[in-house]
Structures are given as C-alpha cells and as structure tokens.
Amino acid sequence: MKFVPYVFRSLFRKKTRSILTIASIVLPFFVICVLGTLLMALDADTSGGKGMYRLVVRHKVSLGNAIPEAYRERIAQLPGVKDVTILNWFGGQYRDNRPENMFARFGCEPESLLRIFDEVTIVEGKAADWTSDRSGALVGERLMKRYGWKIGDKFVLKGDIFPINLELTVRAVFRGSDETGVYFDRKAVEEGLPLVKGQVGTFWIKAESADAAQRLPRAVDAMFENSSAPTKTETEKEFQNGFVSMLGNVKAVVTGISTAIALVILLISANTMAMAARERVTEIAVLRTLGFGKPLILTLILAESLLLSATGAFVGLGLFRIAFPVLKEGLLNSPMAGFAAGMQLFPEVLMTGVGITLLVGLVAGIVPAIRSAQRSIPDGLRQVG
Amino acid sequence: MAEPLIRIENVVKQYTRDTQVLTVLDGLSLEVDKGEFVALMGPSGSGKTTLLNLIAGIDRPTSGRILVGADEVSSMSEGALAKWRSENVGFIFQLYNLVPVLTAFENVELPLLLTRLSKAERKKQAETALAVVALSDRLDHYPRQLSGGQEQRVAIARAIATDPALLVADEPTGDLDSKSGEEILVLLERLHSEFGKTIVMVTHDPKAAARAHRLVHLDKGVLKEDVRAKGEKGEIGVAAAAAIAAGK
C-alpha cells in the first residue's frame with residue numbers, strides 16, 4: 001500500500017497523455033458493454049420463465065407461407081398441449097413507412113392470446129372490452145405514450161400485403177416485454193378479405209410442462225410431415241432467435257468486433273506503457289540503486305498499467321450505467337423494441353468488460369515491466385532523459 | 001590502524017561491445033578505511049564511475065572480489081544485493097535523479113519504503129534527513145520548484161535517510177554552479193566529520209577533490225596514484241589535487 005502514491009503519481013505524470021489513453025479505453029469499453037448487453041438481451045427471457053412453455057408452429061418453408069386453421073384442433077388434441085392460439089402478422093402501415101411509425105401489428109384470437117401470454121397485464125381499459133369488440137385494439141403501453149393515445153381513440157392501419165384498411169379503436173393497454181405492439185381480432189381481416197379465411201401464420205402453443213414443451217415440437221411436425229403444409233415447431237426463444245439469425249451469425253460478428261476492440265485497447269495501453277517505461281529508464285535505474293528489487297519494479301509498472309486500464313474501465317462502467325437507460329429507452333421505441341425488451345445491466349457483461357480491460361492492462365504492462373526490470377542499472381543511469 | 005570498510009581485490013571489469021572486449025578496470029586492488037573521505041579522479045574512461053558502481057553494488061566485476069564490511073558484494077545474488085544496497089549504501093548522482101512527481105519529502109522517504117519502519121517513523125527519519133541538509137522548509141516542494149543545489153541536497157538527504165555507513169557520490173558538484181557546489185562539498189564534509197560516513201566520491205574537479213582526505217587517481221583502469229592528506233583532519237588541497245589530476 002505504501003507504494004500506491006508513487007504508482008498513482010507516476011500514472012498521471014503526463015496528464016494529457018494519461019487522460020487521452022483513459023479516454024481511448026473508455027470508448028471501446030463502452031462499445032463492448034453495449035454489444036455484450038445486446039447479445040445477452042437476445043438470449044434473455046423477458047417472460048419471467050413462462051416463455052419456456054410456449055411453442056410456435058409455422059410453415060416449414062417460411063413464415064410467408066400460411067398453414068391451415070384446421071391444424072388447430074389436431075394440435076390441441078396432442079397430449080401435453082394446454083392451450084393454442086393464433087397470431088397472424090398483418091404488416092401494413094400507420095401514417096407512413098418511416099421507422100418511427102413501425103411497430104408490430106398482429107391479428108389474433110383475443111381470449112386465448114391472453115391465456116397463453118398470461119404474464120401480460122392490462123393496465124388501462126378492460127380485457128373484456130377488447131375481446132368483445134371485433135375492431136378493438138390491445139395496445140402496448142409504450143406505443144400509447146409514443147402517440148399520446150387514450151382509451152377510445154381510433155386509428156387506421158393501411159394494409160399493404162393484405163389489401164385492407166383496418167379502423168381500430170383502442171380498448172385496452174398492456175404491459176409486457178414488447179410494449180410497442182398492436183393486437184386485434186384476426187376476424188377483422190378475414191371479414192374484409194375472405195381470401196385469407198382459414199389461413200394461419202403461426203399457432204402458439206402453451207405446453208403443460210417443460211417436459212411436454214421439449215417433446216411437442218417433434219410430435220407436431222411429425223403429424224403434418226406428409227401434408228401439403230408441413231410445419232416447423234420450435235420454442236419461443238428459438239423462434240425469436242430465428243429473426244436474429246436472418247441477419248447472419250450475429251453472435252460471431254459481435255464477438256469478433258469485441259475481440260477487435262479488446263486488441264485496440266491492448267495496443268493503445270501497450271504503447272502508453274512502453275512510452276512511460278522508456279521515458280523512465282533512468283528513474284527506474286535510480287530506484288533499483290536505492291534497493292528496489294526487480295520483482296518490486298515489475299510490480300510497480302504492472303500496477304501502473306493496471307491502474308490505467310482500471311480507471312478506463314470504471315469510467316466506462318459509470319458512463320455505461322448513465323447511458324444505459326437512455327439507450328434502452330431509445331431502442332424500446334424503435335423497431336428493435338422486441339429485442340431491446342430483454343436489455344438490462346447484465347452483471348456478466350459488466351464483469352466481462354472490466355475483466356477484459358484489466359487483462360489487457362496486465363498484458364500491456366508486462367513487456368515494458370520486464371524490460372525495465374531486466375536492464376542493467378549502469379545502463380539505465382547512463383541514459384539521459 | 002583504522003579497519004578497512006571496503007576491500008577491492010584484483011578486480012577486473014570488462015565490457016563486450018559487439019565482438020570487442022573492453023577492459024575498464026584491470027586488476028585493481030584498493031582498500032578504503034571506515035570513515036575515510038576518498039576522491040576518485042582520473043581522465044574520462046579511466047574507470048572511476050565503474051569502480052564506484054562496483055563498490056556500491058550496482059555492477060559486478062568480471063573477476064576479483066569486492067568486500068564491504070563483512071559482505072562480499074561481488075558474489076551476492078541480485079535480490080540480496082538490492083537489499084544490501086538499501087541498507088548499506090547511499091548514492092548521490094551528478095544529475096540528482098530525483099523522482100519528478102514526488103515532493104522533496106516523498107523522494108527522501110523512497111528508500112525508507114523498503115524498510116519495516118512505520119509511517120510515523122518514516123516521516124520522522126525523512127524529516128531528520130531533510131533537516132540535516134537544511135531543507136526542512138521545502139518538504140512539500142517538487143524537484144521542479146527547487147534550485148539545482150537544493151535538488152542535490154534533497155538527493156543527499158535521500159542518500160542518508162536510511163543512515164548507511166557508506167556514501168558514494170558520482171560527480172556530485174558536476175552540474176552545479178560554484179556556490180552551490182561549495183555548499184554540497186561542505187555538506188559532504190559535515191556528513192563525514194560529524195556523522196562518520198565513509199564517502200567515496202568521483203570527481204573531475206580538483207576543488208572538490210581537494211576536500212577529500214585521500215585521493216585515488218585512476219588511469220586506463222589501473223591505480224596510478226594514491227595520496228593521503230597529512231594529519232587526521234587534513235585535506236588534499238587544491239594545488240595537489242590539480243597536479244594529480246593533471247598527471248604531474
């Protein structure tokens with residue numbers, strides 16, 4: 001402990017350089033935290049564990065292909081199935097196609113939807129008002145705030161793929177994982193577009209147990225394997241991650257970027273520590289003349305390197321904590337809301353970020369530290385400046 | 001007869017530069033008594049600083065033995081030598097070599113950090129050392145806030161902080177004006193006479209060498225002359241030092 005003041009003062013002997021180095025650690029650290037949090041959010045369970053009992057059945061070829069509504073009865077009869085509901089993506093547009101006006105719009109079966117997504121709570125209006133009104137809309141709390149809607153307000157969704165305009169009335173407001181969605185009775189679409197009647201985008205199953213949830217995908221898919229509309233059944237998490245994988249191997253990309261960032265911090269810190277050690281060749285020789293042994297010199301330089309990276313990490317951590325709510329809020333109000341819902345200050349991400357930065361500080365300090373400790377004292381004393 | 005503190009026995013020091021072997025000290029033998037104030041003189045490249053480094057245990061001879069007190073410093077391990085230096089030798093450099101980010105007090109405290117002394121004890125000892133060099137009013141000053149002479153006095157305080165028996169000084173006045181240089185020499189004399197320190201000082205300056213009680217003249221790595229002042233408190237004298245330095 002008695003050497004701490006020396007280490008601390010040494011670190012800040014060139015204030016501008018140290019501050020710039022710390023800043024150049026803070027920024028990559030911040031990016032690592034953001035990327036890591038997004039990555040963890042993709043895997044996060046926002047349903048409070050209830051999502052693990054939910055399965056999604058869709059056409060084996062793609063989500064663009066419909067499956068017959070008649071499958072519903074056959075699925076419901078399978079052992080282990082507690083409930084089944086239908087969710088049909090509608091698309092369309094609200095006002096225009098600008099990103100700020102993008103949100104999820106689904107035709108559904110109101111009553112069974114609420115049974116299957118039972119972690120969702122109605123915070124305004126009444127569920128019964130929505131389920132009994134064919135043109136009623138269940139709207140996410142966040143979307144309500146975005147547009148300043150109130151219960152009873154009307155809005156129009158202009159159809160594009162499904163060429164029908166839906167005039168909907170806000171009947172209830174929900175709070176749940178993705179609070180930017182609008183859900184309405186699918187019959188509203190079927191009545192205006194008889195062509196789509198009996199066609200389903202996805203069935204959502206609620207399994208009776210974890211064991212059933214594991215067993216059912218194979219059972220459902222086997223049942224329709226040789227039909228004209230074979231199915232693909234997967235867990236809710238797999239289904240959601242399928243969207244992410246459409247972007248490519250996101251995990252590999254994020255890991256790659258994070259590794260590159262860690263290397264950048266390493267190079268910056270190593271450069272600073274090498275410069276600091278080079279400038280202090282004489283000073284280190286003097287310390288050794290005074291009796292500072294090689295292990296102590298090594299420790300002091302490594303401590304300085306670690307302190308540099310730790311300062312960067314903790315400043316970055318503080319900034320990330322401050323910026324996190326703003327970042328999350330921004331994403332929750334964007335088309336990324338579904339993925340942002342699982343965002344939180346994951347301790348694993350923060351610890352990994354700090355760990356990487358400290359490790360980098362240690363590695364960056366090792367070479368200059370060993371060099372300084374190995375140089376002969378007379379050589380060090382001969383070097384001026 | 002005073003007992004020898006330093007015994008240098010047939011020491012050879014060679015450096016290898018590329019394929020060339022350079023002999024800096026060539027079979028040198030010398031004894032320095034406890035409490036002596038010795039000036040090492042000689043032309044550049046004569047091996048003065050190398051000899052000083054060997055005595056202080058910051059370099060090792062190629063062959064031969066160096067004993068300081070009962071310790072054979074030429075055969076100590078690196079770790080043992082570092083510990084030995086911290087307890088037995090105070091080093092004064094030509095360019096002071098203070099740590100610029102530490103105050104005068106903290107610079108003097110540095111060697112004490114290697115001891116088992118408590119914080120209060122370290123404070124007392126560092127303050128005492130700074131009082132000896134008359135810098136009690138500069139404890140919180142950084143090296144950049146001190147004059148060259150004051151910096152060298154801080155460096156001397158650092159050298160005596162652990163109360164070593166041996167002080168080695170490499171051109172301690174070489175970077176100072178004559179007034180400050182004089183002050184440093186007076187201080188070294190005081191450390192020798194009042195505190196009984198054994199001092200080995202490398203210098204080119206006959207005025208500085210004149211303050212010593214013994215003058216060892218090296219040339220091309222061998223002992224050329226070894227002159228002792230007459231009388232217990234005698235000094236070499238400027239004229240004699242200048243003549244020896246000039247090789248007359």
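The values are calculated or read from the model by the stated rules, or taken from the named source; none is laboratory data. Because the structure is a prediction, the values reported are computed rather than measured. Quick reminder, even Gly has a Cβ in these numbers, built from the backbone with ideal geometry, and neighbours come from all protein chains shown.
Some values worked out for this structure:
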{"quantity": "Residue within segment B:154-163 that is touching a residue at least 12 places away in the same chain (Cβ under 8 Å), surrounded by fewer than 21 Cβ atoms within 10 Å (Cβ to Cβ) and at negative phi present", "calculated": "no"}
{"quantity": "Count - residues of segment B:83-110 that are more than 16 Å from the chain's Cα centre (by Cα) and under 19 Å from A:Ile297 (Cα atoms)", "calculated": "10"}
{"quantity": "Extreme residue, nearest to A:Leu296 (Cα to Cα), among residues of segment B:114-131 that are buried (at least 19 other Cβ atoms within 10 Å of the Cβ) and among the hydrophobic types (A, V, I, L, M, F, W, C)", "calculated": "B:Leu114"}
{"quantity": "Test: A:Thr180 is in the same structural domain as A:Val84 (by TED's automatic domain parsing) and touching a residue at least 12 places away in the same chain (Cβ under 8 Å)", "calculated": "yes"}
{"quantity": "Count of segment B:128-153 residues which are touching a residue at least 24 places away in the same chain (Cβ under 8 Å) and not in a helix (DSSP H, G or I)", "calculated": "8"}
{"quantity": "Single residue of segment A:293-343 satisfying the filter (in contact with an Asp or Glu (Cβ under 7 Å, 6 or more places away or on another chain) and assigned to a helix (DSSP H, G or I)) that is nearest to the other protein chains (Cβ to nearest Cβ)", "calculated": "A:Lys294"}
{"quantity": "Residues of segment A:1-22 satisfying the condition of being within 7 Å of another protein chain (Cβ to nearest Cβ) and either touching a Gly at 6+ places or on another chain (Cβ under 6 Å) or exposed (fewer than 13 other Cβ atoms within 10 Å of the Cβ) (or both)", "calculated": "A:Lys2"}
{"quantity": "Residue check, A:Arg142 part of a strand (DSSP E or B) and in contact with a Leu (Cβ under 9 Å, 6 or more places away or on another chain)", "calculated": "no"}
{"quantity": "Residues of segment A:217-238 that turn out to be among the basic types (Lys, Arg), over 16 Å from the mean Cα position of the chain (by Cα) and crowded, with 17+ Cβ neighbours inside 10 Å, as a count", "calculated": "1"}
{"quantity": "Among the candidates B:Glu189, B:Glu171, residue that is at positive phi, surrounded by 15 or more Cβ atoms within 10 Å (Cβ to Cβ) and either among the acidic types (Asp, Glu) or at pLDDT 95 or above (or both)", "calculated": "B:Glu171"}
{"quantity": "Members of segment A:23-37 found to be among the aromatic types (Phe, Trp, Tyr) and either crowded, with 23+ Cβ neighbours inside 10 Å or without any contact (Cβ under 8 Å) to a residue 24 or more places away in the chain (or both), listed by number", "calculated": "A:Phe29"}
{"quantity": "Residue within segment B:90-104 that is away from chain A (no Cβ under 11 Å) and under 23 Å from B:Lys123 (Cβ atoms) present", "calculated": "yes"}
{"quantity": "Near pairs, Cβ below 8 angstrom, 6+ apart or cross-chain, from segment B:67-87 (at negative phi and without any contact (Cβ under 8 Å) to a residue 12 or more places away in the chain) to any residue that is basic (Lys, Arg) and outside any strand (DSSP E or B)", "calculated": "B:Glu78/A:Lys294; B:Gly79/A:Lys294; B:Ala82/A:Arg288; B:Ala82/A:Lys294"}
{"quantity": "Odd one out for A:Asn65 among (1) in the same structural domain as A:Thr352 (by TED's automatic domain parsing); (2) exposed (fewer than 15 other Cβ atoms within 10 Å of the Cβ)", "calculated": "(1)"}
{"quantity": "Helices (runs of 4 or more DSSP H) wholly inside segment B:9-127 that include at least 3 residues being more than 16 Å from A:Leu381 (Cβ to Cβ)", "calculated": "B:78-88, B:104-109"}
{"quantity": "Output for segment A:267-292, where each listed residue is surrounded by fewer than 19 Cβ atoms within 10 Å (Cβ to Cβ) and either of a type in the set (S, T, N, Q) or away from every other protein chain (no Cβ under 14 Å) (or both)", "calculated": "A:Leu267, A:Asn271, A:Ala274, A:Met275, A:Arg278, A:Thr282"}
{"quantity": "Of all residues in segment B:55-82 being within 8 Å of chain A (Cβ to nearest Cβ) and surrounded by 15 or more Cβ atoms within 10 Å (Cβ to Cβ), the one that is nearest to A:Leu298 (Cα to Cα)", "calculated": "B:Ala82"}
{"quantity": "Any hit, segment B:95-103, residues being of a type outside the set (A, V, I, L, M), at pLDDT 95 or above and touching a His at 6+ places or on another chain (Cβ under 9 Å)", "calculated": "yes"}
{"quantity": "Residue match in segment A:27-48 (condition: of a type in the set (D, E, K, R) and in a loop (DSSP other than H, G, I, E, B))", "calculated": "yes"}
{"quantity": "Restricting segment A:162-176 to residues that are surrounded by fewer than 24 Cβ atoms within 10 Å (Cβ to Cβ) and of a type in the set (D, E, K, R), the residue that is modelled with the lowest pLDDT", "calculated": "A:Arg175"}
{"quantity": "Filter result for the condition that a residue is part of a loop (DSSP other than H, G, I, E, B) and out of contact with any Leu (no Cβ under 8 Å at 6 or more places or on another chain), over A:Glu73, A:Glu119", "calculated": "A:Glu119"}
{"quantity": "Residue check, A:Val123 out of contact with any Gly (no Cβ under 7 Å at 6 or more places or on another chain) and loosely packed, with under 15 Cβ neighbours inside 10 Å", "calculated": "yes"}
{"quantity": "Single residue of segment A:126-148 satisfying the filter (over 26 Å from the mean Cα position of the chain (by Cα) and surrounded by fewer than 17 Cβ atoms within 10 Å (Cβ to Cβ)) that is farthest from A:Tyr183 (Cα to Cα)", "calculated": "A:Gly148"}
{"quantity": "Lone qualifier among B:Leu81, B:Leu5, B:Leu28 - being under 24 Å from B:Arg211 (Cβ atoms) and out of contact with any Lys or Arg (no Cβ under 7 Å at 6 or more places or on another chain)", "calculated": "B:Leu28"}
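To keep it simple, each residue is scored yes or no on (1) among the small types (Gly, Ala, Ser); (2) under 28 Å from the mean Cα position of the chain (by Cα); (3) part of a loop (DSSP other than H, G, I, E, B).
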| residue | (1), (2), (3) |
| --- | --- |
| A:Val189 | no, no, no |
| A:Ile205 | no, yes, no |
| A:Gln240 | no, yes, no |
| A:Val253 | no, yes, no |
| A:Ile265 | no, yes, no |
| A:Thr272 | no, no, no |
| A:Ala276 | yes, no, no |
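Okay, residues lined up against (1) outside the structural domain of A:Leu113 (by TED's automatic domain parsing); (2) of a type in the set (Phe, Trp, Tyr):
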| site | (1), (2) |
| --- | --- |
| A:Leu157 | no, no |
| A:Phe162 | no, yes |
| A:Arg175 | no, no |
| A:Arg186 | no, no |
| A:Glu191 | no, no |
| A:Trp204 | no, yes |
| A:Ser209 | no, no |
| A:Ala219 | no, no |
| A:Glu238 | yes, no |
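Residues checked against (1) loosely packed, with under 15 Cβ neighbours inside 10 Å; (2) out of contact with any helix residue (DSSP H, G or I) (no Cβ under 9 Å at 6 or more places or on another chain):
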| position | (1), (2) |
| --- | --- |
| A:Ala76 | yes, yes |
| A:Arg95 | yes, no |
| A:Pro99 | yes, yes |
| A:Ala104 | no, no |
| A:Gly107 | no, no |
